[in-house]
1. Select from the range 78-106 the residues that are out of contact with any strand residue (DSSP E or B) (no Cβ under 8 Å at 6 or more places or on another chain) and hydroxyl-bearing (Ser, Thr, Tyr) and list them in ascending order.
2. Tally the residues that are in contact with a His (Cβ under 9 Å, 6 or more places away or on another chain), open to solvent by 10 Å² or more (accessible area, probe 1.4 Å) and among the polar types (S, T, N, Q), restricting the search to the range 20-59.
3. Give the range 115-125 a look and list any residue that's assigned to a helix (DSSP H, G or I) and surrounded by 23 or more Cβ atoms within 10 Å (Cβ to Cβ), or say none.
4. Looking at SER128, SER90, can you tell me which residue is under 20 Å from PRO13 (Cα atoms), at pLDDT 95 or above, not in a helix (DSSP H, G or I) and not aromatic (Phe, Trp, Tyr)?
5. For the range 73-124, which residues satisfy the criterion of being in contact with a Cys (Cβ under 9 Å, 6 or more places away or on another chain) and β-branched (Val, Ile, Thr)?
6. Could you please find all residues in the range 93-108 being modelled with pLDDT of 95 or more, crowded, with 16+ Cβ neighbours inside 10 Å and touching a helix residue (DSSP H, G or I) at 6+ places or on another chain (Cβ under 8 Å)?
7. Among the residues of the range 62-74, is any part of a helix (DSSP H, G or I) and crowded, with 23+ Cβ neighbours inside 10 Å?
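The values are calculated or read from the model by the stated rules, or taken from the named source; none is laboratory data. Just so we're clear, the structure is a prediction, and the values are computed from it rather than from any experiment. Cβ atoms come from the backbone with ideal geometry, glycine included; neighbour counts cover every protein chain shown. Please note that ligands, DNA and RNA were not included when accessible areas were found on the heavy atoms of the full protein model with its side chains. Shrake-Rupley method; radii C 1.70, N 1.55, O 1.52, S 1.80 Å.
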Amino acid sequence: MKDGIFDLKRVTPENISKLRSDEIFVFGSNLAGMHGGGAARTALIHFGAIMGKGIGIQGQSYAIPTMQGGVETIRPYVDDFIQYAAAHPSLRFLVTRIGCGIAGFTDAEIAPLFADATALENVALPKSFWNYLV
């Protein structure tokens, strides 16, 4: 965000069907890595997600588990992601509305977990998350 206005380069597109070579698709997963629906299925089919791997980088995707309990069980995985993104500034991370589909959380519940990511220029967040972060 710049001066109260969304920096569109920092807003994740709503529909992602292809990535540049330096982009990573960040999606909500389950710990078992059963990427059967939603953004997880998109990651599996298009961006190198690995069936059976529910956490971290895989191909041009990054899995954040969201199906194991309440919001506080997601926080450590988001924190790990933010550390990973900070350590890889040459990559651009496109965070989808993790946890807000099949997992059943709201943007208001999940967005605050990404507060520290707002300082990272290489992380794009959904507009619905930005609405709770600025």
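1. SER90, THR106
2. 1
3. ALA117, the sole residue that qualifies.
4. After applying the criteria, what remains is SER90.
5. THR106, ILE110
6. PHE93, VAL95, THR96, ARG97, ILE98, GLY99, CYS100, PHE105, ASP107
7. Restricting attention to the range 62-74, the residues satisfying the condition of being part of a helix (DSSP H, G or I) are 71-74.
Subset that is crowded, with 23+ Cβ neighbours inside 10 Å: 74.
Within the range 62-74, one or more residues are part of a helix (DSSP H, G or I) and crowded, with 23+ Cβ neighbours inside 10 Å.
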